[in-house]
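S.K.: Below is a structure I'd like to ask you about.
The values are calculated or read from the model by the stated rules, or taken from the named source; none is laboratory data. These numbers come from a predicted model, not from an experiment. All Cβ positions, even for glycine, are placed from backbone atoms using ideal geometry, and neighbour counts span all protein chains on display.
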Amino acid sequence: MVTVRQALGAFGEQRVVQDCHCPRCKKTRTLVRLPPNFKCADVICDFCGYLAQVKAASTKQLDRLPKSILGAAWAPQFERMQAAIYFPLFVVLVAPTEDYSIFYLSADLQEPEMFKPRKPLSEKARRAGWQGFFYDMQAVEGRAVRLR
Ligand SMILES: [Zn+2]
């Protein structure tokens, strides 16, 4: 069973690989999706090896980024930040009409303040103790560019 959230994520990755140029080598249709269990990135350019993450979010407003966007696991993100490793981020916003927009935030414009840990999941949760994070997009306001 695919959850609503997984379907939204898959839609976002599909839009990026079909609509976006590779930001590094500028070729079209060279971005491809990585397998779901690949941890640090969601798409790779099969020409130049460029890696990026893709996040999709539901919204009513396609022309501006939401204040926060749900991220993934906090522990590996925290370790990467400590090693000063950041990945470029595509954000796909999807409206109830299924219209969408795509924003891009390069790795060098990211900083630790935009990654905020969430509370660990409760003892009763299926993944008890697991901790996620969200992207605080206000911390990087004005830095993302709209691609579509
Ligand atoms: Zn490329």
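S.K.: For Gln18, only one of the following conditions fails: (1) within 16 Å of the ligand (Cβ to nearest atom); (2) in a helix (DSSP H, G or I); (3) within 24 Å of Gln138 (Cβ to Cβ). What is its number?
M.R.: (3)
For every residue, the table says whether it meets (1) at pLDDT below 95; (2) closer than 27 Å to Asp99 by Cβ; (3) not in a helix (DSSP H, G or I).
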| position | (1), (2), (3) |
| --- | --- |
| Met1 | yes, yes, yes |
| Lys26 | no, yes, yes |
| Phe47 | no, no, yes |
| Lys55 | no, yes, yes |
| Pro66 | no, yes, yes |
| Ala72 | yes, yes, yes |
| Glu79 | no, no, no |
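S.K.: Also: Select from the range 43-68 the residues that are crowded, with 20+ Cβ neighbours inside 10 Å and of a type in the set (Val, Ile, Thr) and write down the one among them that is farthest from the ligand (Cβ to nearest atom).
M.R.: It comes out as Val54.
S.K.: Something else now. Take Arg146 and decide whether it is among the basic types (Lys, Arg) and either over 20 Å from Leu8 (Cβ atoms) or modelled with pLDDT under 95 (or both).
M.R.: Working: among the basic types (Lys, Arg): yes; either over 20 Å from Leu8 (Cβ atoms) or modelled with pLDDT under 95 (or both): no.
For Arg146, the condition - among the basic types (Lys, Arg) and either over 20 Å from Leu8 (Cβ atoms) or modelled with pLDDT under 95 (or both) - is not met.
Okay, residues lined up against (1) farther than 25 Å from Ala84 by Cα; (2) of a type outside the set (Val, Ile, Thr); (3) within 16 Å of the ligand (Cβ to nearest atom):
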| position | (1), (2), (3) |
| --- | --- |
| Val4 | yes, no, no |
| Gly12 | yes, yes, no |
| Pro23 | no, yes, yes |
| Thr28 | yes, no, yes |
| Ala41 | no, yes, yes |
